[in-house]
Amino acid sequence: MDRKFIILLSIFIGSITIASVLASKIIDVFGFFVPAGIIAYSVTFIITDVVGELWGKDRARDCVMGGFIALVVVLVLVQFALILPKAPFWEDENAFNSILGSTSRIIIASFIAYLVSQFHDVWAFHFWRKLTNTRHLWLRNNLSTAVSQFIDSFVFVIIAFYGVFPVWDLILGQWIIKMFIALLDTPIVYLLIWRLKSAKT
């Protein structure tokens, strides 16, 4: 298997798994309250667009499934760590449980939102790629990411927080920040594709 693809896949899996841990902290970004894992999660959309452009839709879907499997494994390992008895001299049990003890509702919301949005991103990127005859990468990148990020925010917030918090404020806040990050990542997508294509020749 291509070494460059393995490296990108590793970055994808590392980003999606650490995002689920960082999400336990809520941060204030320009007055919008969002999970701290938002930047790490946004990296995954860069990777799938780059992989889709260079290796095709099937490889991009492989990234999505690989990330999902990694999330399930991490969830099992975290839950196992939570139920193991602590050493008598260790005094950080409450902090550990507070950070990693996510509720089942939030975990389920993360899984569903992840699968729906990531598979949509792969499909949409290649839909626009075919429509533009492989031109205008910046347009394909931003159009696919814009809708996919909204789907992700909508599905996650509705499942995780409906009936608990005002969901539309959370949905729009997350989507706006994600889109700001997505606009900034377009040059990164171009740079990665150019660098990886150059490395192939």
Packing-based exposure ordering (other Cβ within 10 Å, fewest first) of 115, 192, 184, 100: 184, 100, 115, 192
Each residue of segment 192-199 in order: what ³J(HN,Hα) in whole Hz does its phi give by Karplus 6.51 cos²θ - 1.76 cosθ + 1.60, θ = phi - 60°, with x for Gly and Pro? 5, 5, 4, 5, 6, 5, 5, 5
Helix 57-83 versus the longest principal axis of the chain: what angle, 0 to 90°, nearest 10, using Cα atoms? 10 degrees
Working out 0.36 nm times the residue gap between residue 36 and residue 133, then minus their Cα-Cα distance, what length gain in nm do you get to one decimal? 31.2 nm
Using only the Cα atoms, work out Rg/Rh for segment 75-201, with Rh taken as the Kirkwood radius, to two decimals. 1.13
Ascending count of other beta-carbon atoms within 10 Å, so fewest first, for 185, 121: 185, 121
Going by how many other Cβ atoms sit within 10 Å of their own, how do 167, 34 line up, fewest first? 167, 34
If one builds a Gaussian network model of the chain from Cα atoms under 10 Å apart, the most fluctuating residue listed among 47, 99, 18 is 99
What angle do you read, to the nearest 10 degrees and between 0 and 90, between the alpha-carbon axis of helix 38-55 and the longest principal axis of the chain? 30 degrees
Please identify the trypsin sites (Lys or Arg not before Pro) of segment 42-126 that satisfy two criteria: DSSP loop assignment and at most 12 other Cβ atoms within 10 Å. Which are they? 86
In deg cm²/dmol, rounded to the nearest 500, the helical mean residue ellipticity at 222 nm of the chain, built from -39500 (n - 2.57) for every DSSP H run of length 4 or more, is -28000 deg cm²/dmol
Rounded tilt (10° steps) of 3-22 against the dominant C-alpha axis of the chain: 40 degrees
Assigning unit charges at the beta carbon (Lys, Arg +1; Asp, Glu -1) and nothing else, what dipole magnitude in debye, to the nearest 20, does the chain show about its Cα centre? 860 debye
Checked against the positive end of the charge dipole of segment 3-200 (+1 on Cβ of Lys and Arg, -1 on Cβ of Asp and Glu, about the Cα centre), the farthest of 99, 113, 87 is 113
Net lengthening on full extension, residue 91/residue 18 (0.36 nm per residue, minus Cα-Cα): 23.9 nm
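Readers should treat all values here as calculations from the given coordinates under stated rules, not as data from a laboratory. If you're wondering where the values come from, they're calculated on a predicted model, not measured in any experiment. Note that we place each Cβ from the backbone using ideal geometry, even for glycine, and neighbour counts take in every protein chain shown.
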